[in-house]
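The values are calculated or read from the model by the stated rules, or taken from the named source; none is laboratory data. Bear in mind the structure is a predicted one, so any value in this text is a computation, not a measurement. Neighbour counts are summed over all protein chains in view; Cβ atoms, including those assigned to glycine, are modelled from backbone coordinates with ideal geometry.
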Amino acid sequence: MINLKTFSFLSTLPGREVENLKKLGRHLKLISGTPLIKEKEPFKEFILLLSGQISVGKAHHGKRKTIFSIDPGNAYGEVEILNGTTTLTSLVGTQDYEVLLIPKEEILRLIGLYPGFAREIRSSYCQRASLLLEEGVAKSRSGQIICFFNVKGGAGKSVISANTALMLKKSYRKKVVLVDLNLCFGDQPIILNLPNEKNFFELSRIRPPMNFEKIQTQLTVHPTGLRVLFSPPLPEQGAQIRIDFVEQVLEILKDNFDFVIVDTQNQFGDLEIKTLELSDMIFLMTTMELTFIKNTKLIIDLLQKLKIPREKVKVVLNRAFKSLGLEPSQVEVSLRYAISHFIPSEGEIVIPSVNTGTPFVMQKKLEGSPLIVALEKICSRLVGEDPNPGTWNMFSVVKDVFGL
Ligand SMILES: Nc1ncnc2c1ncn2[C@@H]1O[C@H](COP(=O)(O)OP(=O)(O)O)[C@@H](O)[C@H]1O
Ligand SMILES: [Mg+2]
């Protein structure tokens, strides 16, 4: 049975119209690596992704580059339909996937009839149009801001953000800066075993206007070459940093690095809202505890109200473990959101790595371990390398992690 409940924009339609879409739609199940549509072909059907994952890419200098990926509950096609263009991108499954394809004339009919539906489609159009309509990708040299977020402590935001930043630098040779926006109680100096004399507070005392040269004087260099902007050593110093200053610094860093990896504090305040708006991708870190799942669901709803595009928000299930009384599929059902990444629970590796200040991605003996493999999957997604369809499959990750 097709369930369209995860498509929040369809809730603006009467139930009978939603039922009608199920009848009219073409339901396809395809295997990982199968293209769904190609760039420049006529665009005929609106796409609802029911399960799996699809990468949306564009040709750039003869090579396909992923511009974003869509998860279940995401749709694709409003820009082509409203602009009347041919297909602007190519869509390929990065896992086995299932779609419902709706004739574009039907979407146009619903837009004409239901103002609420038209508003939803328009809002999604506004978020994506410039990205899809520009000729080729990567026309600007600016990098991506990747934010690790949840309102609850203990999700692994700090540990996983630090290790992701290190891996992007060390194994993918990207220009990376890690920014600790836990401004009052930052943990990064301990996780990375680095001094924090250079930090956000010292930066805020430099005479404006801010520029990259001034920021560089307050970046700490890790032996891998990763740059880190630490939070101030004292909470009262952290409390003095202004949101517009943080915004300015993040924008300058984005122009000068491939990746700006942001660790956040356990709050949903104005600083976090600004950071989430500026981010190109949000990793919503969660664990399999019910309290986490409840809060994560509330955050997903709030992000939607803040009009943060759904494709920017990826749920990462950290400390995933079998037999905790909850299955990952149950987590997805209660969140009404797909889990994009799993990170296994490896207390015997992660906790000592923090206590000794030796991040686990720096430990040679761990190469090929499930924890490192999980992080490699996150990083290869971030750098836009389409993972080998033969090796990337959500089920295989679930199998790795849960030993199924
Ligand atoms: N995948 C994991 N397996 C085992 N322990 C983990 C994992 N990820 C994080 N932890 C542990 O969970 C605790 C909280 O992690 P932390 O990064 O400080 O969370 P947050 O920054 O979200 O509050 C730490 O003790 C960390 O070592
Ligand atoms: Mg933290």
(message) So Phe268 passes all but one of these: (1) of a type in the set (A, V, I, L, M, F, W, C); (2) away from ligand 1 (no atom under 14 Å from the Cβ); (3) assigned to a loop (DSSP other than H, G, I, E, B). Which condition number does it fail?
(response) (2)
(request) Enumerate the strands (runs of 3 or more DSSP E) found wholly within region 1-102, keeping only those where 2 or more residues are more than 21 Å from the chain's Cα centre (by Cα). (result) 26-30, 35-37, 45-51, 54-60
(message) Filter region 217-235 down to the residues that are of a type outside the set (A, V, I, L, M), within 16 Å of Leu194 (Cα to Cα) and without any contact (Cβ under 8 Å) to a residue 60 or more places away in the chain and list them by number.
(response) Thr217, Gln218, Thr220, His222, Pro223, Gly225, Arg227, Phe230, Ser231, Pro232, Pro233
(request) Could you tell me whether region 182-204 includes any residue that is touching a residue at least 12 places away in the same chain (Cβ under 8 Å), more than 16 Å from ligand 1 (Cβ to nearest atom) and of a type in the set (Val, Ile, Thr)? (result) no
(message) Could you list, ordered by first residue, the pairs with Cβ atoms under 9 Å in which the first is in region 261-284 and not assigned by TED's automatic domain parsing to the domain that holds Arg310 and the second is at pLDDT below 95 and away from ligand 2 (no atom under 13 Å from the Cβ), at least 6 apart or interchain?
(response) none
(message) Only one of Val316, Val260 is away from ligand 1 (no atom under 15 Å from the Cβ) and β-branched (Val, Ile, Thr). Can you tell me which?
(response) Val260
(request) Confirm whether Tyr125 is within 25 Å of Leu303 (Cβ to Cβ) and away from ligand 1 (no atom under 16 Å from the Cβ). (result) yes
(request) Looking at (1) assigned to a helix (DSSP H, G or I); (2) crowded, with 21+ Cβ neighbours inside 10 Å; (3) within 16 Å of ligand 2 (Cβ to nearest atom); (4) not basic (Lys, Arg), find the lone condition where Phe148 falls short. (result) (1)
(request) Kindly indicate which of Ile261, Ile273 is surrounded by fewer than 16 Cβ atoms within 10 Å (Cβ to Cβ), more than 17 Å from Phe68 (Cα to Cα) and among the aliphatic types (A, V, I, L, M). (result) Ile273
(message) Of everything in region 19-67, what is more than 23 Å from Arg128 (Cβ to Cβ) and out of contact with any strand residue (DSSP E or B) (no Cβ under 9 Å at 6 or more places or on another chain)? Give them in sequence order.
(response) Glu19, Asn20, Lys23, Gly62
(request) Within region 231-247, identify whether any single residue is touching a Gly at 6+ places or on another chain (Cβ under 9 Å), of a type in the set (Gly, Ala, Ser), under 17 Å from Glu272 (Cα atoms) and part of a helix (DSSP H, G or I), and answer yes or no. (result) yes
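Yes/no per residue for (1) within 16 Å of ligand 2 (Cβ to nearest atom); (2) at pLDDT below 95; (3) in contact with a His (Cβ under 8 Å, 6 or more places away or on another chain); (4) closer than 25 Å to Met285 by Cα:
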position	(1), (2), (3), (4)
Lys152	yes, yes, no, yes
Ile160	yes, no, no, yes
Val176	no, no, no, yes
Asp187	yes, no, no, yes
Phe200	yes, no, no, yes
(message) So, in region 207-221, how many residues would count as being surrounded by 12 or more Cβ atoms within 10 Å (Cβ to Cβ), assigned to a loop (DSSP other than H, G, I, E, B) and modelled with pLDDT of 95 or more?
(response) 2
(request) Kindly indicate whether any position in region 296-317 is charged (D, E, K, R), part of a helix (DSSP H, G or I), within 16 Å of ligand 2 (Cβ to nearest atom) and surrounded by 16 or more Cβ atoms within 10 Å (Cβ to Cβ). (result) no
(request) Please find, within region 151-163, the residue that is farthest from Ser279 (Cα to Cα) out of those that are within 7 Å of ligand 1 (Cβ to nearest atom) and outside any loop (DSSP other than H, G, I, E, B). (result) Val159
(message) Just to check your reading of the model, which residue among Leu229, Leu234 is buried (at least 18 other Cβ atoms within 10 Å of the Cβ) and not basic (Lys, Arg)?
(response) Leu229
(request) Within region 335-372, work out how many residues are surrounded by 14 or more Cβ atoms within 10 Å (Cβ to Cβ) and in a helix (DSSP H, G or I). (result) 12
(request) Run Lys214 past the list (1) under 30 Å from Ile351 (Cβ atoms); (2) free of Cβ contacts under 8 Å to residues at least 40 places away in the same chain; (3) more than 26 Å from the chain's Cα centre (by Cα) and report the number of the one that doesn't hold. (result) (1)
(request) Scan region 276-295 for residues that are out of contact with any Leu (no Cβ under 6 Å at 6 or more places or on another chain), part of a helix (DSSP H, G or I) and within 23 Å of Gly186 (Cα to Cα) and jot them down. (result) Leu276, Glu277, Phe292, Asn295
